[in-house]
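Some notes on the structure that comes next.
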Amino acid sequence: MENKIFFNFSYLALKLLGSGLYSNPWNAISELVANGFDAGANDVYIYINRSNKEQSTIEIFDDGSGMTYDELVSKYVFVGRNRRAEEQHKISGNLKTLGRKGIGKLATLYLSNNVQIISKTIGGTTSWNLNITEINEDEKPALEAIDLSMISVECSEQWNKNEHGLFLRLNDVNLTGLGEQTLYGLINRLSDFYLLESRLKRIWISYVQDKTEAINFNLVKKEIAYKNFYALFNNSNVRFDGYEKLKVHVKTDFEELKGGYPVILIDDKSLNVSGKKTFLSSNGNPIEKEFNLIGWIGIHTSIDTTEAQKNDQRFLKNRATSPNRLRLYIREKLAIDNFLDYVKNTQAFSNYIEGEISFDILDDDDLPDIATANRQQLSEKDERVQLLVELLKPIINRLISARIKLSTTLKDDENLILKKKSDEISLRHTEELTKEKTEKEVAQAETELRKRQVELLAKGLRKNEKRLAESLHTINKNSVTIDSKINIIFKTFGDNKDIPAKIIRDISSVKLFNQKSLLMTKYAFKGKFGLKSKIISTNIGSFIDQYINVILEPPLKVNITFDSNPSLLFSFDTTVLGIIVDNIISNSIKAKAEKIDIVIENKNTYAVLDFHDDGQGYDKTKIPKPEILFELGARCSDNPGYGIGLYHIKELIKKNTGNVHINLDVEKGFNIVIRLINENNNGVSENEH
């Protein structure tokens, strides 16, 4: 036995070949794993010590047949031989040899210039060193026999359990440029290299980043988030447990639809996935070959991680793992990471596709090699690649059509729910009008009340003041009449869907201006504050307190909390504030509230008004979004009204550049919070608020 075994190529040739074959360390590692399986291994172990990123250590070993001295001479150092043609021994039954060109060992040189090898066979154990750090490019590298004790085996405990197999120790591997720094990400990456389920082979990995970490091997498992598939084609041996009974969650704001939609299985009987075809053999002669597309292809319900994980927690999308890929395997080894690039489907949802397919005719022994120079792509012009594309198109189109139909169904279902809720609001509005007193009776009562107020005030006025009071009474009377007529219009035409929305809004606007006129007469008749202008600067809490207790005098208990400091001034439109308070108190009375708590906070640039009554509130199951209540005609109570009070509040506050919202976090009653901007600071930025 010679102490040196020379390669049949120079170092420069081997280096150029290796750099063209592999684009990253994981592809090179996968090639070495394939070599182990070709040698009959059931288990291949990968150990990566990245404590020194620039000089990392990788140990890869298996329980295969190992290599004798003669095999090292005739096979290992011989680059370019056809392994399948010359290797006649069986490997674990009828499994095929993965390698074809005899160039897999170049993966070793791609990773490291300093490699140590231990080979255990029935005939004994040999150890070798391949160190090309100091040889010239025109020299041929050589395996050099060394003493076994010269090899430091970090995974000796696991390796020593193997009675036969091959051990590789790769020293000084540069792993600085890798973004995958977690064991989980690396396991997912490695799991994609092989159809582990069909080969019944196992890959184990230990990944440490600190010298103090223990060496613990974890089994590389393929994790497929199949419970997030809305539709699935599958003619492989892989079984997705319980898939046909699943319902997938879809993103929606409607509780009624959050139970999900049943998944779809694509019938493979109606799809052409196998047959016979005549190809040109390696020597140029026509030859008929059988082809068969085997695998599974699914379309995800969502590729948003948060939404997808509601269906399946295994869904993962990051730099190390991307679910939207169609992985192509040849002879049970990953050939193309994403064959969707060859299919070139540009439809919506094409990036929701995930799958694993096998098409071994692409690397048939009797047909030409169709791999490109870098061994990581296939020639798109080859008729076998074109055949595979044509077989895949109907499957992918069926999956995409199913996903598009789901989006349409979801939208239709949401619109039906919205229509139902809208119809319920309209029905309640109609019912409340039948219970309400006639607008004529209400108008007459209001007129008589104002008339008595004017008569009482007029007794103590001077002649000019009496004329002013009479004028105000006339304005009040006319305003009451206008308000009555507007209410009749709402009552008569409120449910007529043919009336343009703009006209309804215009009528509502007229009612709002008229309500301001009525409010000014209230201030004149009963107010204790002098109003030279409708915009005043005073303590807003004191104003609301006077307005409620002096002018409104509502039939429910009112608790008002505010800072009564008279120097705490706030500028506001009295008509706007009066209408807001009027409408809120009126709604509380209609909701059968017995009391209302009002908390007022003056923040200088803005004021917060918090109204919380103990009335019946509103049914959140029928109106899940409180914003609907601010729409014209929307109602939250079963009592009389026209559904315009909150609409007017929203419109008035919008002009003030403030905001209003309904608080849903109350157990009882109705809670509305208003933010008014100080009229002297209107337009101040949100950050200052």
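Throughout, read-outs are computed from the coordinates displayed, never taken from laboratory work. In this text the structure is predicted, and so the values were computed from the model without any measurement. Don't worry about glycine lacking a Cβ; one is built from the backbone with ideal geometry, like all the others, and counts go over all protein chains shown.
A compact table of results
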read-out	value
Potential lengthening between Ser51 and Asp147 on full extension [0.36 nm per residue; Cα-Cα distance subtracted]	31.9 nm
Of Lys15/Lys381; Lys161/Lys222; Lys258/Lys654; Lys310/Lys650; Lys140/Lys211, pairs whose Cα-Cα distance is over 32 Å	Lys258/Lys654; Lys310/Lys650; Lys140/Lys211
Approximate spin-label separation Asn351-Glu157, in nm, with each point projected 7 Å along Cα-to-Cβ	4.5 nm
Chain lengthening between Lys405 and Asp423 when straightened (0.36 nm per residue, less Cα-Cα)	3.8 nm
Charged-residue dipole, Cβ positions (Lys, Arg, Asp, Glu), segment 196-271 about Cα centre, Debye nearest 20	360 debye
Near-label residues of segment 548-585 by backbone N, under 16 Å of a point 7 Å along Cα→Cβ of Val666	556-561, 581-585
Segment 226-414 shape via C-alpha gyration tensor axes, a/c threshold 1.5	prolate
Long-range amide H partners of Phe570 with built H, under 5 Å	Thr538, Asn539, Ile540
Residue order, fewest to most beta carbons within 10 Å, for Ser281, Ser274	Ser274, Ser281
Length released on extending from Gln313 to Asp360, taking residue separation times 0.36 nm less the Cα-Cα span	13.6 nm
Residue pairs, from the table Lys221/Lys245; Lys420/Lys622; Lys289/Lys333, whose Cα atoms sit over 18 Å apart	Lys221/Lys245; Lys289/Lys333
Spin-label pair Asn283/Asn216, simplified geometry with 7 Å Cα→Cβ offset, distance in nm	5.8 nm
For segment 548-658, size of Cβ-based charge dipole, Lys and Arg +1, Asp and Glu -1, in debye	300 debye
Order of Lys625, Lys595, Lys276 - criterion: other Cβ atoms within 10 Å of each residue's Cβ, fewest first	Lys276, Lys625, Lys595
In Hz, Karplus ³J(HN,Hα) per residue of segment 41-56 (6.51, -1.76, 1.60; θ = phi - 60°; x = Gly, Pro)	6, 9, 10, 10, 10, 10, 10, 10, 10, 10, 5, 10, 4, 6, 10, 6
Sites Thr252 and Asp70, calculated FRET efficiency, Cβ-Cβ separation with R0 45 Å, nearest 0.05	0.10
